[in-house]
Structures are given as C-alpha cells and as structure tokens.
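The values are calculated or read from the model by the stated rules, or taken from the named source; none is laboratory data. These figures come from a predicted structure and were not determined experimentally. Positions of Cβ are backbone-derived with ideal geometry, glycine not excepted, and every protein chain shown enters the neighbour counts. With ligands, DNA and RNA removed, areas are computed over all heavy atoms of the protein, side chains included. Shrake-Rupley method; radii C 1.70, N 1.55, O 1.52, S 1.80 Å.
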Amino acid sequence: MSGIAGVIHFDGAPVEPGLVEAMTNAMAYRGPDGINHWARGSLALGQCMLHTTAESLEETQPLTNEDESLVLVIDGRADNWEELRRELLARGAVLRNRSDAELVLRAYETWGRKCVSRIEGDFALLIWDARRRVAFCARDRMGNKPFHYHWNGRTLAFASDLHPILALPWVEQVPNEGMLAEYLAGEWYSRDETLWRGILRLVAAHRMEVDVRGLRSEQYWEPDLCAAINYSTDQEYAEHYRELLFDSVRRLSRSHRPVAIEVSGGLDSSAVFCVAERLRRASRLPAPAVEGYTLAFSGDDGADELTCARAVGEYLGVPIHEVPSVSPPLSWYAQRARDYREFPGFPNASMSSGMRQQAAARGSRVALTGEGGDEWLDGSRAYYADELAQRHWAALYDCFSRDASAFGARQAVRWLVRDGCFALLPPRLQKGLRRLVRAMRGGSTRDACYWLAPRLLEGISVRRGRSLAQNRRQTRNFGQRELFDVLCDAFTAKVTERGEREGAHYGVEVRDPLRNPRIVQFAFSTPARLRLSGDWTKAMHRQALREFMPAAVLERKSKAEFSNPFRAHLDRMQDTLTRRIPQERPDWVDQRGMARLFRVYQSNPQFGWPMWILWAIYACDKSLPRH
C-alpha cells in the first residue's frame, strides 16, 4: 500500500542506478509512510507505503522470502486475511509477521499462479520468481487497484500510475489514436489501453506472466453464470443480501485509524454508513471509530442532498461533517493533465476532493464509498424477457401490474414489448428492426459523431465493430447479459482508477463495499425482478435495510444531479471548443461539427451526453502534446 513500480530487463542488462527511484519519486504522494527499493542486477523494484491497517505496520516492501528466490511488491489487501492465514498455517507455511504482504508471498509459495483465486480484496502485485525467471503480475477481481505496464520484447516496466513509465528513456511518447477516438466520441470499448501507445493496463481479474518468451495474460475470475440462488420469498433474498453487505462493510473497514465514510444522502452511501455504525456499536467493526462526511453545495439545489445526509446523522445520533463541495478552476485540470500525463477526470468527480482532504487531516487513512450501488443494485426491466423466456406467467403478471400501477398500462405495455418480446427475437431480426427505426427517425446524431475528423471517425467505427464480438458469454438469462455488460464496462474501469488515484493523492485508500465480488455474484445469481419493482429502484436493497436506515432515505425516488460542475466551465468555453481546439487539432475534430455539438449542448438543459464529450475534448487537448 499504496504504490508499486519496477523495471526488469530480461536480456540480463543491469538496471540503471536511480531509475526506479525516479519512478517512485514521481508518485511520492502514494508513500507518505516511506518509499523503499530492492535491486539485484537486471531487476529493480520499488514500493510507496501508506499504512492503512494495524497489520500493515508490520510490513516492509519490497518483501522477499528467506533465500530471496521470491520478491514481492503489492498495493493492496487480503480482506479474507483471517481465513487465508489459517489455511496457510494448516499447510505448514511459516509466517514471519501478520502483514497482508507476507500472506500473499506465502500464498504464491504454496499455490503458485493459482494463489490469486484464494485472495479476496483489492490488489495489484508483481512477484519476481528467480528460480523460474518469471515475473508474475495480477490485479484484483473488480479492478480497484491500478496496474500499468510497458513491454518492448526485452524489458518490463510497471507502475501504479502511468506517468512514471512514460518518463523512462526507452518508452516512446506516442499518443494512442484509437484510445483518443474513444474519449472524443464518448464511446468506451478498451479496458487495457491508455492514451499512450504501448502503455497498457492489466485488466481486472487477470493475471500475467512475463519471461524471456514474452507476455501471457489470462482471466482468473468471472461470476459463475450457472449459479442460481432460489428462495421461496423475496424476504429471504433480502436477508441473504443483507448478510453479504454487513460482511463486506466489516471486512473493508479494517483500519488502525478512524474510517471515513462518504455519506451523500443517497441509498448506497447512507447504507454503508448505517451498517458500519451498527457494526461499531456491536463491537464488530475492525476500526477504532467511524466518521461520516457529506458535501454541502451552495446554490445548486439539484445536487444538494444535505437534508437526507442530516437525516442519517439524526437517525443514528452521530454528527456528519459537512464539507463544501469543490469546483476547481480549469487550471487545476490542466495541471493534473500535465502531472499525470493522462485524462484528468470529469468535473463531477472532483467535487469530493475536499472530503478526502479533510478525512486525511482528521487522521483517517481509509474512506468507504457507496460506489457500485447503481451498477449492482439498480436493476432493469430485463425481467420481462427473463419471465417470458421461462414462462413464469405469475411473476410476469406481477411485474406488469407493478409497472402499470406506477407508470400506467400504456408504458408497461411498451416495456413488455421492448424489453420482453423484442429481446427474445433472433439477433439478426433485432438488428434489422433497429436499422429500420433509425432510418425512420433520420438516424442518431450521437452515433454519427459528426464532430470528429475523418481519421478518428474511421477509428471509432472500427472499434464499434470489434466490440460486437467481445465480452459475449452464454448467459443463463437476459438479466445476466446486462450485468455482464456492466462488469466489462470500459468507462467504469477508467473512472474507478481515477478515483483511486485521487484518493491516493490525498493519502487515503478508497474502498467500495458495494463493488465486492460476492455482491456481484449475488446479482448474477438472483432474478432481475428483485432489483427493480415498479418505480422503486434498488428494491431489494431497500427491503434488506428497512430496519437500519431512516425512512427519508429509504423512500427516496430522486437522485442528485451534477450538471452544474460541467456547465460552470463549459458555458465559458465556447470559443475554446468551437474555434481554438478545431483550428489547432484539425486531425481530431471538425470545426463545423464542434459548433453544432456546442449548440446541442446549449439547447439541452438535461445532464446529457454532449457535456461529457465536450469536456473530454478539452481534457484530452490538455493531456496530449501538440506536434
């Protein structure tokens, strides 16, 4: 915890002195508790330490075994450390201390490359196996910890962040045009590429071995699509989910300092806070204290959730720190782009930086969030297709009745046809019908990407076609198909990595209990109708926590809206976006197309797609050099 870096020359050349030290210095914010290095000839490793648990106080990295045949660097935790420790001791392992790094090193000694299947938690790691002359790399199941690398056929360079790799003398600084096309089109397909050619990201739930023969990467985990959980009542499902949530919050709260929890006032983060406080009162929380933080917005009623956040504090009888939301100037994003040499993030994500700064100032090293709730708890109307396909007529009638009661019979019929009958048609017929509808409507202006220059437009078209054949699995039902698309969503992967980096920048490790693989597996194993019921999103989540949260939050049907952080900048950037950037980047965007896109943005009062694309164009302009 919380940063790793290294260089391995497989041609036997010695690593230049000071090279890895420069890499760790470039991300020194990840190591407030010290930075250490280990070098032997053609291998040099570094680790930036952030102590987040009592066990990590006993940890020193890079970590070797007794004869230095294995050396480990890891950014992460084993959240099942108690079970893993018992299993290793039963197999005769000798544990020198209580640290998670020691457990992971001994797990590799015991099970080799299969060890990652036994480690639960967030991690990115590299183990140098001197006997085999192999570098073993792995990343956690949900991709909560980043791992960037560069391979040129002779040398492997890796780091938690991208910019230390880009600064290496043999790494060419060539922009990745295909990835740029994704950002500028607002379409996300690649989970392993970056904005720089040759610098890649190890994909979540993957392990990789590197030796003189090259790279070999494989996926070691995905949800079991055949596993089905069948209960006779919805209450039994809710009780099962509640047990998973309590266990996830308990495990991810492990810290030797007070745990900070970001309480927006929404269903997800409020649930995490309420569960953590309940565990603390029962002396079951592995942390000395819990502190809640919420954002206070000034003059932005759409984003302000203070009433609900305060209701949570009053319900529990504990204070929640109210922190002013942050709206950094454009120069802040430009500086982030220069520092990290990559996309600096979206304005709605920077609002919470003040909470993490204050949490760190008050002594916290761990921050829990409600991220993941929208993905794994929200639900969709895929239940129409599932119940139709399985001929569960009673369940289908219940779903239709709830929708008709909440939205009217006409809307319920539309959903039954679109999400039920249409979804069951053969794929070729679906494609033909979609083409016909687009032709009748005059085409989709977003899919046309009229603001892109011809070469980037061609590039995004190629990626669209390639994506049709990717991430497809023989799912058991339509609900699983949608969940699998969520699991493989490239945009979510990038947002998660940027959130982790921003937390590390302020000396806080961000943890997401609702992105726990056990909760993800539960979503894949249960009916879609449990998550969305009429106009109640996250229906099972609400049912499970009925006795643990205030009614003001449980009965919420609205969500905060965060367009103002975008508009505060974009409204003043018309000249930059419609004149300067098109003139300076004619190989990126078309000037007439950009003017049209900006008009669409101005005429759309909703939190729509044009603002995401306009911001991405500006941010990429700051991230990549001009020739």
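Values as computed for the structure displayed
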{"quantity": "Kirkwood Rh in Å, taken over the stretch 216-356 so that all alpha-carbon pairs contribute", "calculated": "18.1 Å"}
{"quantity": "Projected area averaged over orientations for the stretch 348-440, convex hull of C-alpha atoms, nm²", "calculated": "10.6 nm²"}
{"quantity": "log10 of Debye I(q)/I(0), alpha-carbon scatterers only, for the stretch 574-627 at 0.13, 0.15, 0.27 Å⁻¹", "calculated": "-0.29, -0.39, -1.11"}
{"quantity": "Overall Cα dimensions of the stretch 262-344 - principal axes, largest extent first, Å", "calculated": "47, 32, 18"}
{"quantity": "Square roots of five times the Cα gyration tensor eigenvalues for the stretch 2-124, Å", "calculated": "25, 18, 11"}
{"quantity": "Electrostatic dipole magnitude of the chain [Cβ: Lys, Arg +1; Asp, Glu -1; Cα centre; debye, to 20]", "calculated": "1640 debye"}
{"quantity": "Cα pair count fraction exceeding 35 Å, expressed as % - the chain", "calculated": "43 percent"}
{"quantity": "Accessible area per residue in Å² at 1.4 Å probe, computed on the stretch 1-148", "calculated": "34 Å²"}
{"quantity": "Cα-based Rg / Dmax (Å) for the stretch 108-234", "calculated": "17.3, 63"}
{"quantity": "Selection of GluC sites (Glu not before Pro), the stretch 495-556, meeting DSSP coil and at most 16 other Cβ within 10 Å", "calculated": "547, 555"}
{"quantity": "Label point distance in nm, residue 375-residue 622, each placed 7 Å from Cα along Cα→Cβ", "calculated": "2.6 nm"}
{"quantity": "Estimated 222 nm signal from helices in the chain, with DSSP H stretches of n ≥ 4 weighted -39500 (n - 2.57), rounded to 500", "calculated": "-12000 deg cm²/dmol"}
{"quantity": "Computed label-point distance, nm, for sites residue 67 and residue 580 using a 7 Å Cα→Cβ extension", "calculated": "6.3 nm"}
{"quantity": "For the stretch 173-230: relative contact order, % (alpha-carbon pairs under 8 angstrom, 6 or more apart)", "calculated": "22 percent"}
{"quantity": "14 Å reach of a label modelled at residue 535, 7 Å along Cα-to-Cβ, counting backbone N of the stretch 412-426", "calculated": "412"}
{"quantity": "Förster-model FRET efficiency, 30 Å R0, residue 591 and residue 167, C-beta, rounded to 0.05", "calculated": "0.30"}
{"quantity": "Relative intensity, log₁₀ I(q)/I(0), of the stretch 286-440 from a Debye sum that treats every alpha carbon as a point, q = 0.19 Å⁻¹", "calculated": "-1.13"}
{"quantity": "The stretch 308-347: Rg to Rh, with Rh as the Kirkwood radius over Cα pairs", "calculated": "1.31"}
{"quantity": "Accessible area of the stretch 573-622 divided out per residue, in Å², using a probe of 1.4 angstrom", "calculated": "44 Å²"}
{"quantity": "Average accessible surface area per residue within the stretch 316-463, 1.4 Å rolling probe, Å²", "calculated": "52 Å²"}
{"quantity": "Nearest-0.05 FRET efficiency for residue 604 and residue 572, computed from C-beta distance (R0 25 Å)", "calculated": "0.90"}
{"quantity": "Of 557/622; 145/557; 145/622; 538/622, pairs whose Cα-Cα distance is over 28 Å", "calculated": "557/622; 145/557; 538/622"}
{"quantity": "Cα gyration tensor category, rounded, prolate or oblate, for the stretch 528-567 with a/c compared to 1.5", "calculated": "oblate"}
{"quantity": "Accessible-area value, residue 598, 1.4 Å probe, nucleic acids and ligands omitted, Å²", "calculated": "0 Å²"}
{"quantity": "R0 of 56 Å, Cβ-Cβ distance residue 417-residue 220: FRET efficiency to nearest 0.05", "calculated": "0.90"}
{"quantity": "Stokes-Einstein D in µm²/s, Kirkwood radius over Cα pairs - the stretch 455-545 at 25 °C with 0.890 mPa s viscosity", "calculated": "152 µm²/s"}
{"quantity": "Carbon + sulfur, % of accessible area of the chain - ligands and nucleic acids excluded, 1.4 Å", "calculated": "49 percent"}
{"quantity": "Loop-resident sites, the stretch 55-100, for trypsin sites (Lys or Arg not before Pro), counting at most 15 other Cβ within 10 Å (DSSP)", "calculated": "91, 96"}
{"quantity": "Largest to smallest accessible area among 203, 275 [probe 1.4 Å]", "calculated": "203, 275"}
{"quantity": "Contact order relative to length of the stretch 135-279, as percent, for alpha carbon pairs under 8 angstrom and 6 or more apart", "calculated": "21 percent"}
{"quantity": "The stretch 133-191: chymotrypsin sites (Phe, Trp or Tyr not before Pro) in DSSP loop, at most 11 other beta carbons within 10 Å", "calculated": "170"}
